[in-house]
Amino acid sequence: MSVLLQTSKCIFRKPFNNTFCKYVFLRKNSDVPKKFITFDEVVAQRRAEAMRSVVVQVNSDSSFNELYGYCSKYASIKDIHHYKNTGGEHFMVIEFASEDNLKDVLKSCSSHNKDHDVISVQSPFLWFRAAVGNKEKFADTGKKLAVKNGTEICNEDVLLEDILNCETVSDQIQLLYERTTLNDLSIRLRYIVARQLEMIFNSLYTNVKIQPFGSSVNGFGRMGCDLDLVLINSITEEMGAASRRLVFQEKRSARQLELAGALLELRVAGVARLTRILNARVPIVKYAHEYAGLHCDLCYNNSAAVHMSELLWQLGELCARSRALAVLVRRWAAATGLTQPHPGRWLTNFPLTLMVLFFLQRTGLLPSLNRLVSEAGKEDIRIAEENVNCTFLRDLNKLPADSYEQNDDDLQTLLFKFFEFYSQFDFQEKAISINEGKPIRKPNSLPLYIVNPLEQSLNVSRNVSYEECERLRLEVRNAAWHLESCLDGKKSDDWGILGLIEKKSSRGLKKLLRVGNSHRLVSMKDLFTDNDNEPSVEGIRSKMQKFVKTDKEVDTSVKEMKSEMSKEQKSGKIKFKNNQTASAVYRIRRDKII
Ligand code: CTP
Ligand code: MG
């Protein structure tokens, strides 16, 4: 490894843009300028969509006709989308033509049962009861589901296989982005989950809003990411007007989230496994929404976080390449273990995204936040709780065209330059600041310093330990070296981004399982027969010899596989079919890959 590190610097000097990419991102002066819409407009559209939508649990996707016919009696339907939750239950998201339509539908709903423990509550989450008596016949309207299985996460094996078959690294990055980015239905569902809470809270409070934020709305989210929600006490100008002399007597409490937790637990259908983390800097209530198949975090009065999402979304709008690049970098960091699913002394996706944006500012693709602040007008003033100033230009059409996208590098070049940039970054002395768009002197000796763009006295990576920062430096060099080695044009099995996004623990083994140049994977069924009780190492060895050349390769691989299998067995994940036949091992649970 040390040899690689020592040589990496001179390797970097080679150009990395000598391959053809079918995705071209040049923005020429002659191009028609982009027309931007604002984040507020997008949010308003999504909220309006949620306010005329319901989610109905059904038997299967074939319930479509009956549901369509039944609901059409009450209201005009715009679209119906189908999805399954993690438990395999079927749901239809119905969008009606108007909010009034939805009100009519909700008026027509009945309550679950006469159980004393149930007090009926209005919610956009419903279920479709079987017809009583003679089944009503609904004429075939010729309408179709807008989408079936719409929230399904793409099959990892198919994805990796398709990435392997891409022509260029840029194509690989773009494909990963397109296949894994949050889709329309997932976003709809997130706003409906927010709307469900809002309906309940609005029956208690005068004017509260539940707003999704974070990766669900900032344009950097992947399918299946958690849903961050904030309960906002939105006081309108009218409500705060001093000329209104009669004022409500109100109860002051710093424990709003406690009540929210209780409401969620006791009143909100679909909520399960709720936990309260109330002593954190930003207290949250965590829960699973079983009908929507989502993990949610709810916090209170944290509109700065929403403005942060707005800022990230805007930067993504200015340069579409930033989204694809950030999605890849986030995937890479998860694969290398730089980020983890649980909190700790390591990086998380948010600071990592800031690192990507900062790099893009250095390459002329994005303006600094200070530039957006200097272009802001009166209409852009936003002051969040605790006087956090969140003022920056909202209408990107007002931004001079020469302040962004001043670089026509394709994605693979940018990716390489990203790793190169951070391989050479002086983490010891410098802090990353998207406000300045250039490195600044670190105000303290914390290992990694990434300035919080909206509260500049804070470091969003203050939790990152020295060891983790060192690992970051090492991994960016490894990644740059890996991409550099792809330049020779030969497409090996971990070619391009595959070598960056496949988990290291399974990489060697998977590499081995890909046969020759066909780039196909050996099915685990080839390694285990139905008569195998437990997969014996010797059995695996003899079968593997068919696919690989040297004994050493077999030995290494068998060792890796054995260790993976024992890990899996310990965690109880291996399922044995036909009396202990191993049908799946680790992530290589590939049924019919061949
Ligand atoms: N946030 C912030 N300051 C921080 C951490 C987070 O303002 N120190 C805001 C950002 O807007 C961030 C959001 O809170 O996007 C949610 O944080 P988190 O869930 O950690 O990150 P996500 O961007 O949502 O990424 P992930 O997909 O990993 O959840
Ligand atoms: Mg999040």
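Per-structure values
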{"quantity": "Residue check for Leu204: outside any helix (DSSP H, G or I) and in contact (Cβ under 8 Å) with a residue 24 or more places away in the chain", "calculated": "yes"}
{"quantity": "Selection status of Ser186, closer than 19 Å to Phe125 by Cβ and within 15 Å of ligand 1 (Cβ to nearest atom)", "calculated": "yes"}
{"quantity": "Residue within segment 269-276 that is assigned to a helix (DSSP H, G or I) and modelled with pLDDT of 95 or more present", "calculated": "no"}
{"quantity": "Odd one out for Ala48, checked against (1) over 22 Å from Ser216 (Cβ atoms); (2) modelled with pLDDT of 95 or more", "calculated": "(1)"}
{"quantity": "Failed condition for Arg281, given (1) in contact (Cβ under 8 Å) with a residue 24 or more places away in the chain; (2) within 16 Å of ligand 2 (Cβ to nearest atom)", "calculated": "(1)"}
{"quantity": "Complete set of residues in segment 179-201 that are within 16 Å of ligand 2 (Cβ to nearest atom) and part of a helix (DSSP H, G or I)", "calculated": "Thr180, Ser186, Ile187, Leu189, Arg190, Tyr191, Val193, Ala194"}
{"quantity": "When residues of segment 51-86 are limited to those that are modelled with pLDDT of 95 or more and among the β-branched types (Val, Ile, Thr), the one farthest from the chain's Cα centre (by Cα)", "calculated": "Ile77"}
{"quantity": "Total residues in segment 285-331, condition within 13 Å of ligand 1 (Cβ to nearest atom) and not β-branched (Val, Ile, Thr)", "calculated": "25"}
{"quantity": "Segment 335-358, subset without any contact (Cβ under 8 Å) to a residue 60 or more places away in the chain and out of contact with any strand residue (DSSP E or B) (no Cβ under 7 Å at 6 or more places or on another chain), residue nearest to ligand 2 (Cβ to nearest atom)", "calculated": "Pro341"}
{"quantity": "Qualifying positions in segment 345-371 - within 16 Å of ligand 1 (Cβ to nearest atom) and within 11 Å of Asn435 (Cα to Cα)", "calculated": "Leu354, Leu357, Phe358, Leu369"}
{"quantity": "Filtered residues of segment 211-266 (kept if in a loop (DSSP other than H, G, I, E, B), in contact with a strand residue (DSSP E or B) (Cβ under 7 Å, 6 or more places away or on another chain) and away from ligand 1 (no atom under 16 Å from the Cβ))", "calculated": "Ser234"}
{"quantity": "Arg331 being among the charged types (D, E, K, R), within 16 Å of ligand 2 (Cβ to nearest atom) and part of a helix (DSSP H, G or I)", "calculated": "yes"}
{"quantity": "Residue that is surrounded by the fewest Cβ atoms within 10 Å (Cβ to Cβ) [pool: residues in segment 452-490 that are polar (S, T, N, Q) and not in a helix (DSSP H, G or I)]", "calculated": "Ser457"}
{"quantity": "Counted residues, segment 452-477 - those being under 22 Å from the mean Cα position of the chain (by Cα) and basic (Lys, Arg)", "calculated": "0"}
{"quantity": "Some residue of segment 306-321 being within 15 Å of the chain's Cα centre (by Cα), under 30 Å from Leu414 (Cβ atoms) and either away from ligand 2 (no atom under 15 Å from the Cβ) or without any contact (Cβ under 8 Å) to a residue 40 or more places away in the chain (or both)", "calculated": "yes"}
{"quantity": "The listed residue being in contact with a Ser or Thr (Cβ under 8 Å, 6 or more places away or on another chain), modelled with pLDDT of 95 or more and polar (S, T, N, Q), out of Thr363, Thr339", "calculated": "Thr339"}
{"quantity": "Pairs where the first residue, in segment 447-464, is within 22 Å of Leu372 (Cβ to Cβ) and away from ligand 2 (no atom under 16 Å from the Cβ) and the second is of a type in the set (Gly, Ala, Ser) and not in a loop (DSSP other than H, G, I, E, B), C-beta under 6 Å, 6+ apart", "calculated": "Tyr449/Ala431; Val451/Ala431; Leu454/Ala304"}
{"quantity": "Some residue of segment 154-169 being within 22 Å of Glu89 (Cβ to Cβ) and either within 16 Å of ligand 2 (Cβ to nearest atom) or touching a helix residue (DSSP H, G or I) at 6+ places or on another chain (Cβ under 7 Å) (or both)", "calculated": "yes"}
{"quantity": "Strands (runs of 3 or more DSSP E) completely within segment 77-168 that count 1 or more residues being loosely packed, with under 13 Cβ neighbours inside 10 Å", "calculated": "none"}
{"quantity": "Residue list for segment 190-210, filter: under 20 Å from Asp79 (Cβ atoms) and either out of contact with any strand residue (DSSP E or B) (no Cβ under 8 Å at 6 or more places or on another chain) or within 16 Å of ligand 1 (Cβ to nearest atom) (or both)", "calculated": "Arg190, Tyr191, Val193, Ala194"}
{"quantity": "Breaking point among (1) near ligand 1 (Cβ under 9 Å from one of its atoms); (2) part of a loop (DSSP other than H, G, I, E, B), for Asn279", "calculated": "(1)"}
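The values are calculated or read from the model by the stated rules, or taken from the named source; none is laboratory data. Owing to the predicted nature of the structure, the values given are computational and were not obtained by experimental measurement. With ideal geometry, Cβ positions are generated from the backbone for all residues, glycine too; neighbour counts draw on all protein chains shown.
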